[in-house]
1. For the subset of the stretch 106-117 comprising residues that are surrounded by 15 or more Cβ atoms within 10 Å (Cβ to Cβ) and of a type outside the set (D, E, K, R), which member is nearest to CYS261 (Cα to Cα)?
2. Which of (1) under 24 Å from THR103 (Cα atoms); (2) touching a helix residue (DSSP H, G or I) at 6+ places or on another chain (Cβ under 8 Å); (3) modelled with pLDDT under 95 does GLN227 not meet, given it meets every other one?
3. Considering only the stretch 184-242, state which residues are crowded, with 19+ Cβ neighbours inside 10 Å, under 19 Å from the mean Cα position of the chain (by Cα), of a type in the set (A, V, I, L, M, F, W, C) and closer than 16 Å to VAL252 by Cα.
4. When you go through (1) touching a Pro at 6+ places or on another chain (Cβ under 9 Å); (2) modelled with pLDDT of 95 or more; (3) of a type in the set (A, V, I, L, M) one by one for VAL184, which number turns out not to apply?
5. If you scan the stretch 239-262, which residues turn out to be of a type outside the set (A, V, I, L, M) and more than 23 Å from GLY63 (Cβ to Cβ)?
6. Output yes when any residue across the stretch 248-257 is surrounded by 15 or more Cβ atoms within 10 Å (Cβ to Cβ), farther than 22 Å from TRP127 by Cβ, at pLDDT 85 or above and touching a helix residue (DSSP H, G or I) at 6+ places or on another chain (Cβ under 6 Å), and no when none is.
7. Return yes when ARG85 is buried (at least 19 other Cβ atoms within 10 Å of the Cβ), in contact with a Cys (Cβ under 7 Å, 6 or more places away or on another chain), closer than 21 Å to ARG211 by Cα and not small (Gly, Ala, Ser) and no when it is not.
8. Could you please tell me which pairs satisfy a Cβ distance under 6 Å, a separation of 6+ or placement on different chains, a first residue in the stretch 234-262 that is over 13 Å from TRP179 (Cα atoms), and a second residue that is among the aliphatic types (A, V, I, L, M) and at pLDDT 90 or above?
Amino acid sequence: MACTERQGYVGDFIAVGARDTRRRSVARYAASRTESRFCYGDPQWHHSGFRFRVQQLKDQARGIAVADGSTSIEDLASMKEAGIRGLRFVETRLADQSRIPGTIPLEQLFERLALKLAQLDMHAEIWAPLATVLSQWSRIEACRIPIVLDHMGAFDVSLGVEHRDFQRLLDLVSDGKVWIKLAVCRRQFGDASFAKVRPFHDAFIMAEDRRLVWASDFPFVRYPAWQPEMKDLLGLFRSWINDRGIEQRILVENPTTLYWCS
């Protein structure tokens, strides 16, 4: 499979729970930038709109889907052929501790999907509190597939960079055992400078920039009233990096490896 780099960047547009109008906006945004590649996700792979838009953008787009343990390896192979590169699993809960509608728990990965994903060279993307990821790490590692952690690994900002859980996460990154999506939004709400997040962001860069991909989290589902602008998020990232080589790796080379070379 060809996986040559394309000038531009990869934005990660997770559209969990978004209305179809939002999905169309993602496709239009991507299609308007012919020099770039994009990856976005949807909780309903069999939703005709999502399938159509991933296929329509062809090599310009890759997708992350949600599928439960009953999904056959044949169906997963069909997804991959159409541009899907992984499945998403969620342990993050709503305020009342109920599950986010439409999400699939990690247990389904462990018990029914890991082997299928491994056979197809697909990966798992996990959105779960860092403490949960670490408590389940032996089972996650036993899946023997690439692991991508959403929302910067979902660490607790209030615990600080030196907390043992975040330091353990840095070890996993530097050892090449996980990929991290640098989506700053859900780590701090309401402050466009994201100043409290920057020390963690810098620590990831120092640990291993070859295991990082940038993510916008567009279209900002279940956010408070204030929502960031994608162009501002990308500009913030570039100002924090201030190194063209690292920027090229995180925005182009790493996502090409993760989403286009598998």
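1. The qualifying residue nearest to CYS261 (Cα to Cα) is LEU117.
2. GLN227 satisfies all of (1) under 24 Å from THR103 (Cα atoms); (2) touching a helix residue (DSSP H, G or I) at 6+ places or on another chain (Cβ under 8 Å); (3) modelled with pLDDT under 95 except (2).
3. LEU212, VAL213, TRP214, ALA215, PHE237
4. Tallying (1) touching a Pro at 6+ places or on another chain (Cβ under 9 Å); (2) modelled with pLDDT of 95 or more; (3) of a type in the set (A, V, I, L, M), VAL184 fails exactly one: (2).
5. SER239, TRP240, ASN242, ASP243, ARG244, GLY245, GLU247, GLN248
6. Yes, the conditions are met somewhere in the stretch 248-257.
7. no
8. Short answer, once both residue conditions are applied: GLU247/ILE241.
The values are calculated or read from the model by the stated rules, or taken from the named source; none is laboratory data. This one's a predicted model, so the numbers in the text were calculated from it and none came from an experiment. With ideal geometry, Cβ positions are generated from the backbone for all residues, glycine too; neighbour counts draw on all protein chains shown.
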